[in-house]
Each structure stands twice: as C-alpha cells, then as structure tokens.
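The structure appears below as structure tokens.
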There are 4 protein chains.
Amino acid sequence: MSEKTKKIIAVIGGEQPSSEEAKLAEEVGRELARQGAILVCGGLGGVMEAACRGASSEGGVTIGILPGNNPKAANPYVQIPIVTGIGYARNIIVVKSAQAVIAIDGSYGTLSEIAHARQSGIPVIGLNTWSFSINGQQDNSITLAQSPTEAVDKAMSLTSHQ
Amino acid sequence: MSEKTKKIIAVIGGEQPSSEEAKLAEEVGRELARQGAILVCGGLGGVMEAACRGASSEGGVTIGILPGNNPKAANPYVQIPIVTGIGYARNIIVVKSAQAVIAIDGSYGTLSEIAHARQSGIPVIGLNTWSFSINGQQDNSITLAQSPTEAVDKAMSLTSHQ
Amino acid sequence: MSEKTKKIIAVIGGEQPSSEEAKLAEEVGRELARQGAILVCGGLGGVMEAACRGASSEGGVTIGILPGNNPKAANPYVQIPIVTGIGYARNIIVVKSAQAVIAIDGSYGTLSEIAHARQSGIPVIGLNTWSFSINGQQDNSITLAQSPTEAVDKAMSLTSHQ
Amino acid sequence: MSEKTKKIIAVIGGEQPSSEEAKLAEEVGRELARQGAILVCGGLGGVMEAACRGASSEGGVTIGILPGNNPKAANPYVQIPIVTGIGYARNIIVVKSAQAVIAIDGSYGTLSEIAHARQSGIPVIGLNTWSFSINGQQDNSITLAQSPTEAVDKAMSLTSHQ
C-alpha cells in the first residue's frame, strides 16, 4: 500500500492526560498503524505524544502540525513535523487534514478541534471526551467509542465512503 | 473617549439565529455602543449582522474579521472590514482581539470560538448558548447572562481589571 | 463621512528604518488622515509606528494587525489592535485588508507583503523600497512615488475605481 | 534511514512554468529523493507537480501544504496532503516546514515564500528565479545554482549544520 492510498486520521487531546487516558491514546496509535492509517496530530506532548509513540512502535507514519516555529518542539515520535508558526490557529489544520478525528479526553484546544471538525463535516469519534449541548439539547454528532480498537474501527469505517 | 481607550468586545453566534436570538444580538450591539465599547465579530450575517446593526444604530464602531477575500462579503453594518482570507481559522482572531466575548446561540463555529477564548483565558458570557462537560462533569467557565444588558454589563466588568 | 465609506490604505515597512524613512512614514500617515483614509499596518514599531503617529496627529483612525497574542505589543498610536496570534502569517492580512498598499523601505517581511499584495491584485505604491526582477527582467508592477504626498495621492487614486 | 532523520526540503515555484522550468523542477524532485530528502511544496500544479512527479519516480516522500479545503486538489504525486484552508497564508508554512528552500522561476506567491524564508533565516537556493534589490542595492542572500543537482547539493549542505 503506498502512502498515497493510506487514510489520514487525527488524534486530538490535551497535554496533561491521566495515565489511563495516555494508555488509551497509545493504544489508538498502535491500532491506527496496524490498520495502515497515517496519524496526524498537534505534534506536542500528552495525548499527542502517547499516540505517536504507539503508532511508531508498530511502524506507522506520524505527522505533527506544530503551533510554533521550532521543529524540535515536536515530541520524539513525530516523523514529519509541519512547522506552522500560527499558534493555536493550527488546530483547524490538524482536523482538516484528516478524514476522521479521534478525540481522547481533552483541553479547550481539543474542544476547539472537535468544533472545527464538526463545522467542516469531518466525523469525530470520542473516547472519554467532551460532550456539549445547545440550549439544553444534547448534541449527538460525536460517535462514542468504548475502547481504542472500537474508536479506530469506527474512524476507518466512517471515512470509507468518501 | 478616544478609540484607544475603548474596550473591544466580541459578539459571536451563528448565521441562522431564531428571530428571538437575532433580537438579543441586536440589543447586545446597541448596549455595547451605549457603554462605549467597540464591537468585533466575524463580519457575516445572522447574529453578527444583528449585533452590528444594533451597534451602528447607537453610533458605535463595528469591526468584522472576514473569513474570505472580499470585503464586500461583510454585512452592511460592518464599518471596518478586516479581510483575512484564512477561512474559519479566522475564528481565533475574532476572540483574541476582544477583552471579553458574548456568545449568543451558536453554530459549531461559535463553539470553536468559545473554546479558543477559554484556551486563551478570555472571559465568555453566554446568552442561550452552548454548554459542555468533560467526562460527565459540567464546565462552568462560561458566565451566564439572562438579558442583553446583563451580558454587556458582565462583559465590561470582567475586562475591567486587565 | 462615515467610517463605512472611508478607504483603508496599508502602510508597510520595517522596524528599523533610517530617520529619513521614518520621516517619510510619518508624513504618509499624516497625509492619509488628511485625505480621510483609515490606516492599517502591522501594528509594531519603526515604519509602522511612525505612520500611526502621523495619522493620529491629524485625527486619523489607525488599525494594527498584530502577529502576537498581546494587544499591548501594539505601538502607542494604534487605536484598534487586531490580535491574530498567527505570527508573520498575519502579513497577508495587512495587505488584504487594504485597497492599496504604500511600501516604505523594508525588511523581508515587507517584501513578503508586497508579493502577497501583487498576488492578490492589490496596488502597491513604493517609496524607497524593494524592486525585483525575474530571470533578469524587471518587474514594474510597483507604482513608484517620489514623496509622501504623491504616494498617498496615488494610493487614493488607484483604489478609486473599485 | 527513518523518516525521522530525513531532511525536509521545500520546492517552490509557480503553476505555469515553461517546459524548461518544469524539467528543472522534475529533476530537482528526482535528486531530492535520491539524496533521501522529503519534499514539501504547496501541493498544486506546475513546478509543484513536476517536482513531486520527479520525487515519486525515485521513491521519495512528497508532502503538499494545500491552500484550500479539499485534499483532492493536490496534484497526483502528493502522497501526504496537508489541508490548511487558510489560502495563500499557507505559503509561510511551506517554507517554515523546510530546512532549506529551492526556488524555481516563480510567481508572486513564490516571491512571498522567498521573503518569508529569508525573514525566518531559512536558506534559499535559486534556479532561474527572482532577484531583488533594496534602494538600488542587490540582495545577495539567495544562493544561486546552475543545475538541479547543484541546487539539491547546496540545499542539503546548507541545512547540514542545524
């Protein structure tokens, strides 16, 4: 399979996950690599680093869309650092570059990425992440998953008809 | 009072508000102008246009941070169009340019703006807008308001110690 | 004349102008204000500050499109700071927001702004600034001016048919 | 050699090169792949497509930083499309993501990229491209090359001490 035909899946999440959440992220990364997807993320620590570590351990390709100006700010498991210099405005590029997004826990940055993904019609799969409602009515547009494997299966399947 | 010393307050909200929400937005715009604030918004229709119309009717200054390349896409009540050409990545500029943000109803774009504001530590006042929780725990960082005047009072007051 | 119908003209130039260039920038700012234009610039020091100082001294409106996250980084003559947080990617917004651009001397940042303006079809008037050629052939798309007044006259006139 | 330790080199140039320039770009792409570099570009046609075609024919990795919202706008030789949605503001990301930049002929977009690269201290190697002078004094910061191989050799060497 060439890079060209691989799916690109984003993993989003905060820099300070619990150890449980970091384990989920690492397993998501591993499973993405096993299923032949390219992983894109924000390139920094926490959930992003754990996911890249998992993907790398299975021989997967990892891309980090960095907010700053220094490629060395990428976590050590990012193979291809994209240096934007545009700060958190880079969040929208992380999700737009993916065919589906897996959100794990999350900070406000993650919430902004979920919102940008939904605004662009990109599917979001949630593992222990944000939920939100408008005027008291729950928004159900995030597809929930109970495990890393289920999250990756759903991400790969939701993109399959594009 | 010179422009220099005026506060800049963002009004964010979707392009397809209900008529009730459009009325709230227009009254927020009017009250911001009465209290001497400059209004910044995304420059398009719906909540943005209603707020600009209100501010203009009271002699206020309105700025529209446009996603596209054409200043003529601004609603007719935008006095100063900023033409970004960066699409919805401009959402983060709308909130960063403000000392406080008033959110009225909202689309996913609005949710992304609330998230970016909170990520940057900018106060958000909510009128009939998104609420969200992480892992079942309600996030209480949005300051709720029951009326346009209360929203503007809170926005002006939350910025006052900067 | 309302803000709405005013022209917006960009003044671009480096942070370390010679004293002669700073004088040119200040006089350009003054003349823009006298002719009723809104001045937009990158909001920082040097040419930008001199132009804003000139415009302010004649009661003009000044907008600074800042690269960073802090409105206080604006020079003291910026009345309306737009806080982008996107670094030098903001250069393109400075020129896109204007109907014409006046370039004074300049750094590489200024050269990028001239190029972005030409790419977008926005007229550039040059006072002591960059010239460039492709494969030995001079590019003549910058309109040269010999004085601040001539630069402003040309900027106002080149925009007049839009 | 893992992706991690590969150099990333940008190839920049217009969408409407002469056939001679397209040949130069294709050969630059081939040589970059032979020397083990990852190619990053703006992802569209012309010089960008020719360079990606060359790199692909030698088994190299190609990244396209796209201005729009659709990954399908990438030329067919882009293996990893990064979808920015930020228009020509993406130009600065193309050069910031590289350790050196090879400019071939060029449009105003290319000129903006050269300027952004010089502003960020990233080396630029020129093959039949822009030259520029400030107040009549030639800027010599572009390293000239007479052939694709020389351009790639210089790009690889200029990055080697980072």
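The values are calculated or read from the model by the stated rules, or taken from the named source; none is laboratory data. From a predicted model like this one, the values you see are computed outputs, not experimental measurements. No Cβ is skipped: glycine too gets one built from the backbone with ideal geometry, and neighbour counts run over all protein chains shown. Each accessible area value is taken on the protein alone, full model and side chains, heavy atoms only, with ligands, DNA and RNA left out. Shrake-Rupley method; radii C 1.70, N 1.55, O 1.52, S 1.80 Å.
Points worth noting:
- The stretch D:61-126 - accessible surface per residue (Å², probe 1.4 Å): 22
- Overall, the ratio between the Cα radius of gyration of the stretch A:66-113 and 2.2 N^0.38 Å, rounded to two decimals, is 1.17.
- Computed over chain B, the per-residue total of -39500 (n - 2.57) for DSSP H runs of n ≥ 4 gives a 222 nm mean residue ellipticity of -10500 deg cm²/dmol, rounded to 500.
- Occluded residues from the stretch C:42-89, i.e. those whose accessible area drops by 40 Å² or more once the chain is not alone (1.4 Å probe): C:79, C:80, C:82, C:83, C:86, C:88, C:89
- Net length gained if the chain between residue A:133 and residue A:72 were fully extended (0.36 nm per residue, minus Cα distance): 18.1 nm
- More than 20 Å apart - percent of Cα-Cα pairs taken over chain D: 42
- Extension gain from residue C:153 to residue C:140, taking 0.36 nm per residue of separation minus the Cα-Cα distance: 2.8 nm
- The stretch C:24-95 and the stretch D:120-162: distance between their alpha carbon centers, rounded to Å: 32
- Links that overshoot a 30 Å alpha carbon limit, given the list B:23/B:154; A:96/B:96; B:96/D:7; B:7/C:96: B:96/D:7
- Solvent-free Debye scattering, log10 I(q)/I(0), computed from the Cα coordinates of the protein assembly as shown at q = 0.08, 0.09 Å⁻¹: -0.58, -0.73
- Percent carbon-and-sulfur accessible area, the stretch A:94-156, ignoring ligands, DNA and RNA, probe 1.4 Å: 43
- Over the C-alpha atoms of the stretch C:100-154, the Rg to Rh ratio, Rh being the Kirkwood estimate, stands at 0.95.
- For a paramagnetic label modelled on residue D:16 (point 7 Å from Cα along Cα→Cβ), amide N atoms under 15 Å away belong, within the stretch D:102-125, to D:106-110.
- Kirkwood-Stokes translational diffusion coefficient of the stretch A:35-94, alpha-carbon pairs, 25 °C, 0.890 mPa s, µm²/s: 220
- With semi-axes defined as the square roots of five times the eigenvalues of the C-alpha gyration tensor, the equivalent ellipsoid of the stretch D:67-162 measures 24, 17, 13 Å, largest first.
- Percent of C-alpha pairs per 5 Å bin, the stretch D:1-66, short to long: 4, 23, 33, 23, 12, 4, 2, 0
- Percentage relative contact order, the stretch C:43-139, counting C-alpha pairs under 8 Å, at least six apart: 20
- On association of chains B and C, roughly 1900 Å² of accessible area becomes buried (total for both chains; probe 1.4 Å).
- Chain A: relative contact order as a whole-number percent, Cα under 8 Å and 6+ apart: 23
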